[in-house]
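Structure, as C-alpha cells:
Just so you know, all these numbers are worked out from the coordinates, no wet-lab data involved. Bear in mind the structure is a predicted one, so any value in this text is a computation, not a measurement. Reconstructed Cβ throughout: ideal geometry from the backbone, glycine too, with neighbour counts over all protein chains shown.
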Amino acid sequence: MKKLQKIPYHIAIIMDGNGRWATKRGLPRNYGHKEGINAIERIVLACLNFDIKYCSFFAFSTENWKRSSDEINGIFDLIREYLLKEDNIFLKNQIKVESIGVLEPFPKDLVEALVDLKEKTKNFNKLTVVFALNYGGRDDIVRAVNKFLNENKKDITEKEFLLALDTKDIPEPDIVLRTSGEMRISNFMLYQMAYSELFFPKIYWPDFNEKHLYKILKKYQKRNRRFGGIK
Ligand code: FPP
C-alpha cells in the first residue's frame, strides 16, 4: 500500500451489517457480532499502521435497547470478554481507550472492566480508541443543554457547547464511515459531524479490513474540504 499524504486525525465508524453477515450464513445474529469484534481488532491495528490518532466505534446505541434480550446479552458477553482479555491490543500497543455514552444501564462488571481499561491506558498516546456505548447524538446534545440549564448558564458559545458534549476531549471526526451500504447516520455524533466527510462502503462490518479502509483513505485524499469557505 502506497504512503498517503493527507491522513485523517479522527475516523468514526458505524459498524453495520453484523446481523446480515450472520443470517446470510445461516448463523445466529450474535455470530456476526463476534466477527464484528475481530473487525474492530483489524481496524484498530490498521489505524496504528496509517497513523490515525483517533478511531471511534459505535458499539451500542441508545436505540439498541429495542433488540431482543438474547441479542443484547450476547453483545454484553462479547464486550465483557473482549475488555477483560489479558493480552489485549490496547495494552500491547499503547492505545488509550475512552468511551462516550451513559454507562449506568450496563451490567456492573462490564462497566468495571471498561473503567479499569480506561484507567490502565490513560497515559498512552499512540492512538485513542473511543467506544460509543449507550450513546445517542440527540441524548448527548440534550444532556449538554441540561448541564447548562442546571448551572443557570445563558448565551453559551459553540465552543462551550462542544466542551459540554461527551466528546469534549476528542476532536471532531474528519471521516464518518458506515459499512453495509446503508446511507444513514442513525443518531451517531450528530453535532460533531457537521463537517465530516461521509463514506458508505458496501461491505458488512465483519468483512471490513485494512484494504477497505485504505481505499477510503485514498478517496479522502481527493475530497476538497472547504468548511463552508471557498477553495
Ligand atoms: C450493527 O450491526 C452492530 C451492532 C449494533 C453492535 C456491534 C457491537 C459489537 C460488535 C460489540 C463491540 C463493542 C466493543 C466495546 C468491543 P447490526 O446488528 O445492526 O446488523 P444488521 O443491520 O445486518 O442487522
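Structure values in brief
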item: DSSP-defined beta bridges in the stretch 38-165 - what % are antiparallel, rounded to 5; result: 0
item: Residue 25/residue 168 FRET efficiency (R0 41 Å; Cβ-Cβ; nearest 0.05); result: 0.50
item: Span-like helix ranges in the chain, DSSP H, alpha carbon extent 15 angstrom or more, Kyte mean at least 0.0; result: 69-84
item: Along principal axes, Cα extents of the chain, largest first, whole Å; result: 54, 45, 34
item: Over the stretch 1-109 - Rg/Rh using Cα atoms and the Kirkwood inverse-distance radius; result: 0.98
item: Inter-probe distance in nm under a simple model that places probes 7 Å from Cα toward Cβ, at residue 45 and residue 155; result: 5.5
item: Computed Rg/Rh of the stretch 152-200, alpha carbon atoms with Kirkwood Rh; result: 1.07
item: Rounded Å value of the spacing that divides the Cα centres of the stretch 1-77 and the stretch 81-149; result: 15
item: For peptides 195-204, 77-86, 10-19, 217-226, sequence by mean Cβ density within 10 Å, most packed first; result: 10-19, 195-204, 77-86, 217-226
item: Length released on extending from residue 145 to residue 183, taking residue separation times 0.36 nm less the Cα-Cα span; result: 10.8 nm
